[in-house]
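What follows is a short report on a single structure.
The values are calculated or read from the model by the stated rules, or taken from the named source; none is laboratory data. All values derive from a computational prediction rather than experimental measurement. Reconstructed Cβ throughout: ideal geometry from the backbone, glycine too, with neighbour counts over all protein chains shown. When the accessible area is computed, the model is the full protein with side chains, heavy atoms only, and any ligands, DNA or RNA have been set aside. Shrake-Rupley method; radii C 1.70, N 1.55, O 1.52, S 1.80 Å.
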Amino acid sequence: MGSKHRLLPWIESVLQEYSFTSVLDAFSGSGCVAYLFKTMGKRVHANDFLRFAADFSRAAVENSSERLTPQDVEFLTSLAPRPRRFVQETFRGIFFDETDRLFIDTLWSHLNRLSAPKQSLALSALYRACLKKQPRGVFTVSGPGRYDDGRRDLRLSLQDHYIESVEVFNDLVFDNGEPNRATCGDVFSLEPTPHDLVYLDPPYVPRADDNCYIKRYHFLEGLSSYWQGVELHPTSKVRKIRKRYTPFSYRREADTAFERMFKQFQTSTIVLSYSSNGYPDIERLVELLSQFKMKITVHSEEHRYHFGTHPAVSRARTVVTEYLVVGE
Ligand SMILES: C[S@@+](CC[C@H](N)C(=O)[O-])C[C@H]1O[C@@H](n2cnc3c(N)ncnc32)[C@H](O)[C@@H]1O
């Protein structure tokens with residue numbers, strides 16, 4: 001949700017006109033923009049307040065050399081002497097079949113025997129496998145329901161998805177010669193380290209629906225810590241965890257949050273990713289950024305969003321204008 005992966009060629013074409021060596025992606029999400037910066041030879045710091053999002057960047061941005069070997073995969077998927085049981089018990093009848101749930105518990109039972117970069121790779125591959133196997137790629141409702149159309153992604157076992165996903169993540173690993181890093185924290189608690197450029201892609205208050213990442217991805221966020229220290233929502237049918245507060249989700253708070261964030265990063269070139277369907281509107285954001293920056297350039301691109309993950313499901317299409325607002 002909110003991933004910029006389809007816009008990467010455009011983002012690259014705009015940002016390669018600017019001169020910068022170090023960059024902070026403060027809301028890294030899937031990690032694809034931080035990874036783009038890595039491929040551009042930059043020194044990258046990726047950050048997100050969700051743990052599973054930070055794992056993606058640890059695996060593909062921070063990690064420059066380690067890959068999961070066939071022996072690692074064999075070890076991770078081998079039956080553990082005393083496998084954990086949380087997923088099997090908590091999500092019975094809610095997500096995945098018995099074999100898939102046992103597979104998740106088994107993998108987690110072995111995980112801490114790997115190095116930290118390998119753990120992030122193993123978890124990223126597991127998140128991808130879970131997203132692929134889950135109808136529509138979200139965890140809002142239990143069971144396949146009307147989306148079970150027999151397609152390959154739903155038929156394949158989680159373990160087979162996992163093996164494919166390990167290959168995907170292994171292929172991403174490379175060294176760009178820079179000490180890149182990934183952190184998990186709130187944007188407002190980030191140290192004001194001097195990055196040449198700060199890329200900001202916060203969630204925006206949508207005009208319809210909500211922008212709650214936890215509602216859609218709670219299972220992955222719980223999985224990232226094996227539900228250690230997180231509270232399950234007492235009445236949730238899908239065993240959701242509590243959502244994390246962010247001021248960017250609320251109309252009455254978003255304006256102040258943007259202003260505070262622009263102030264925080266005012267010594268860097270600020271690049272804000274934004275869409276025409278967000279609140280506040282682009283004019284207001286330019287006004288807020290102008291308080292801290294002399295020169296503002298708004299780059300824009302029309303973008304077609306598709307909703308739905310399968311051609312058989314009728315797809316809603318919305319055209320929005322995507323902006324990159326650059327303050328120097
Ligand atoms: C629009 S998404 C970023 C998408 C990302 N650029 C990509 O292409 O995948 C917004 C991200 O901001 C994160 N987020 C929301 N509030 C945050 C906060 N206060 N501090 C840090 N991260 C936050 C969410 O977890 C989410 O991953």
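Some notes on this structure:
- Most mobile of Asp255, Asp25, Asp201 in a GNM of the chain (Cα contacts under 10 Å): Asp255
- Hydrodynamic radius of region 91-131 per Kirkwood, over alpha carbon pairs, in Å: 10.9
- Taking the Cα atoms of region 168-216, the ratio Rg/Rh between the radius of gyration and the Kirkwood radius comes to 1.06.
- Candidates Val14, Val33, Val138, ranked by Gaussian network fluctuation over the chain, Cα under 10 Å, top entry: Val14
- Accessible area of the chain divided out per residue, in Å², using a probe of 1.4 angstrom: 48
- Solvent-accessible area of the chain (1.4 angstrom probe, protein heavy atoms only): carbon and sulfur portion equals 49 percent.
- The Cβ shell under 9 Å around Phe27 holds other residues with a net charge of -3, Lys and Arg each +1, Asp and Glu each -1.
- Rounded to whole Hz, the Karplus (6.51, -1.76, 1.60) HN-Hα couplings of region 171-179, x for glycine and proline: 5, 7, 6, 7, 10, 9, x, 10, x
- Whole-Hz ³J(HN,Hα) from phi, Karplus 6.51 cos²θ - 1.76 cosθ + 1.60, for region 20-27, glycine and proline x: 7, 10, 10, 8, 10, 9, 7, 10
- Around Glu178: net Lys/Arg minus Asp/Glu count, Cβ-Cβ under 11 Å: +2
- Kirkwood hydrodynamic radius (C-alpha pairs) into Stokes-Einstein, region 53-95, 25 °C and 0.890 mPa s, D in µm²/s: 184
- For Arg6, solvent-accessible area (1.4 Å; no DNA, RNA or ligand), Å²: 140
- Our summary of shape: the Cα atoms of the chain have principal axis extents of 62, 43, 37 Å, ordered from largest down, in whole angstrom.
- For Arg181, residues with placed amide H under 5 Å, excluding near neighbours: Val44, His45, Ala46
- Set of lysines with alpha-carbon distance to Lys118 below 26 Å, sequence-local pairs under 8 removed: Lys4, Lys38, Lys42, Lys132, Lys133
- Across all directions, the average flat footprint of the convex hull enclosing the Cα atoms of region 1-40 is 2.8 nm².
- With the convex hull drawn over the C-alpha atoms of region 131-272, the volume per residue is 176 Å³.
- Using just its DSSP H runs of length 4 or more, each adding -39500 (n - 2.57), the chain gives a mean residue ellipticity at 222 nm of -11000 deg cm²/dmol after division by all residues.
- Cα extents of region 212-281 along the three principal axes, largest first (Å): 41, 25, 18
- Over region 24-158: Rg over Rh, Cα atoms, Kirkwood Rh: 1.00
- Angle in degrees between helix 213-225 and the longest Cα principal axis of the chain, rounded to the nearest 10: 60
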